[in-house]
Amino acid sequence: MTILYLDCYAGISGDMCVGALLDLGVPLEHVQTELLKLSLPDGSYQLSTSRTERHHLPALSFTVAVHDHHTHRHYGGIDAMIAESTLSEPVKEKARRIFRRLAEAEAKVHGVAVSDVHFHEVGAVDSIVDIAAVAICLEYLGVKQVYAAPLPLGSGFIMTAHGRLPVPAPATAELLNGLAVHNQCGPGERVTPTGAAIVATLATGAGPRPAMILARSGSGAGSKDFDDCPNILRAFLGHVQEHAATADDILIVETNIDDSTPEVLGYVMERLLEEGALDVFFTPIQMKKNRPATQLSFLCRPAQLDALTRLVLVETSAIGVRYYPASRVKLERHSEEIETPFGPVRFKQIFDQGRYLRGTPEYDDCRRIAREQGIPCREVIRRLTAQPVP
């Protein structure tokens, strides 16, 4: 399996990420051809690359020269543009997810609905191109999993369409929730909203470099030249052996609760899953003084521990949690939309070292079909499970 590690010691932005991926061997001509499928206005932008240095280290600079500075875009328009394009489905799926994360962050910090988010810097042509180009490059390289290093917070202030804002900007700070960060760099904006959204959406957390058989590396240059470190994003492309792909190190987090209502516990389960917990479950237990209680447990990656633990301590009556590391072995799986007699349905495809084992329909799709067609949900599941899956 091909994996990508983003070494974000100096930070990350959309253009740095594209530059690093192009430096791994993606032809610029391929990216240009694929971007035409977005149907952006003719002549609204021009792409170029150049070799440069940051602190005497070579890197590839990727530039989007924008000629359309007046078109304002809302989230809905950007999402529709990508969805209606002729880009491949995996590319569209990644690009749309990244913009969705951006829209959710902007909506939260500005107190508006996601559908009402009006992008400024993020909605410009260069950011649309950056995000789509990242998805195009990942498909070209055959990347199945993305990892990222801890991200620098930066400091100081920047001027935006919303005025003078502290670094990291509010939307960036929102996107960094749950990711590992550090403060080992000097002042300045080190992580842009686009860069943060790419990591938050595509990467398996932000933490140590995974074990891999290294194939090649690339370097993308940032537009600024900082004094404290080379403003470069390094990308490492490699492969993991089949048996290594099934290994995963996680944390098990637990707390015993005897004075929260079922409604509160149910809400906390929903919030933990929304924020990225790998699994959440309840176990009935008996505590001191013969009190019946509930043990709340969830699985997460190490980089998620602080954010998810704080959620539990804020939303429940728990005054502490315990956690311990665990290793798990898991089968390979991915989601694929398949045409069925009920229409398009997402199936979870399960593999063992590349050998197909089974496919199961996603419950949310089964529930939707059952309600739309007035069929018992168990019948929908039975009929879809019996269907041959390619």
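The values are calculated or read from the model by the stated rules, or taken from the named source; none is laboratory data. Keep in mind that this is a model prediction, so the values were computed, not measured. Every residue, glycine as well, gets a Cβ built from its backbone with ideal geometry; the counts of neighbours run over all protein chains shown.
When L313, L305 are screened for being over 24 Å from F347 (Cα atoms), surrounded by 16 or more Cβ atoms within 10 Å (Cβ to Cβ) and without any contact (Cβ under 8 Å) to a residue 60 or more places away in the chain, only L305 passes. For region 254-292, residues that are in contact with a Ser or Thr (Cβ under 6 Å, 6 or more places away or on another chain), β-branched (V, I, T) and part of a strand (DSSP E or B) total 1.
Inside region 293-372, counting only strands (runs of 3 or more DSSP E) that do not spill past its ends, which hold 3 or more residues that are within 30 Å of P150 (Cβ to Cβ) and modelled with pLDDT under 85?
Strands (runs of 3 or more DSSP E) meeting the threshold: 322-329, 332-340.
The rows are residues; the columns are (1) of a type in the set (D, E); (2) buried (at least 24 other Cβ atoms within 10 Å of the Cβ).
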site	(1), (2)
V114	no, no
H118	no, no
A124	no, no
D130	yes, yes
C137	no, yes
G142	no, no
Q145	no, no
L151	no, yes
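Taking the listed residues G186, G238, G218, G195, the one that is part of a strand (DSSP E or B) and touching a Ser or Thr at 6+ places or on another chain (Cβ under 8 Å) is G238, with no other qualifying.
Within region 143-183, being under 23 Å from C229 (Cβ atoms), under 15 Å from the mean Cα position of the chain (by Cα) and in a strand (DSSP E or B) holds for V146, Y147, A148, L151. For first residues located in region 18-31 and closer than 17 Å to I3 by Cβ and without any contact (Cβ under 8 Å) to a residue 24 or more places away in the chain, partners that are outside any helix (DSSP H, G or I) and charged (D, E, K, R) and lie 6+ apart or on another chain with Cβ distances below 9 Å do not occur. Name the residues in region 264-292 that are in contact with an Asp or Glu (Cβ under 6 Å, 6 or more places away or on another chain) and either at pLDDT 95 or above or in the same structural domain as A200 (by TED's automatic domain parsing) (or both), would you? Hit for region 264-292 is V268, nothing else. Taken over region 1-59, the criterion of being of a type in the set (G, A, S), under 24 Å from the mean Cα position of the chain (by Cα) and surrounded by 21 or more Cβ atoms within 10 Å (Cβ to Cβ) is satisfied by A10, G11, S13, G14, G19, A20. Of all residues in region 279-296, those being surrounded by fewer than 17 Cβ atoms within 10 Å (Cβ to Cβ) and either in contact (Cβ under 8 Å) with a residue 60 or more places away in the chain or not charged (D, E, K, R) (or both) number 11.
Within region 356-369, residues that are touching a residue at least 24 places away in the same chain (Cβ under 8 Å) sit with their Cβ atoms under 9 Å from residues that are surrounded by fewer than 13 Cβ atoms within 10 Å (Cβ to Cβ) and assigned to a strand (DSSP E or B), at 6+ positions apart or across chains, in these pairs: E362/S335; I369/G343.
Scanning region 252-284 for residues that are of a type in the set (V, I, T) and farther than 16 Å from R322 by Cα yields T261, V264, V268. Among the conditions (1) surrounded by fewer than 16 Cβ atoms within 10 Å (Cβ to Cβ); (2) at pLDDT below 90; (3) not in a helix (DSSP H, G or I), the only one that T385 does not satisfy is (3).
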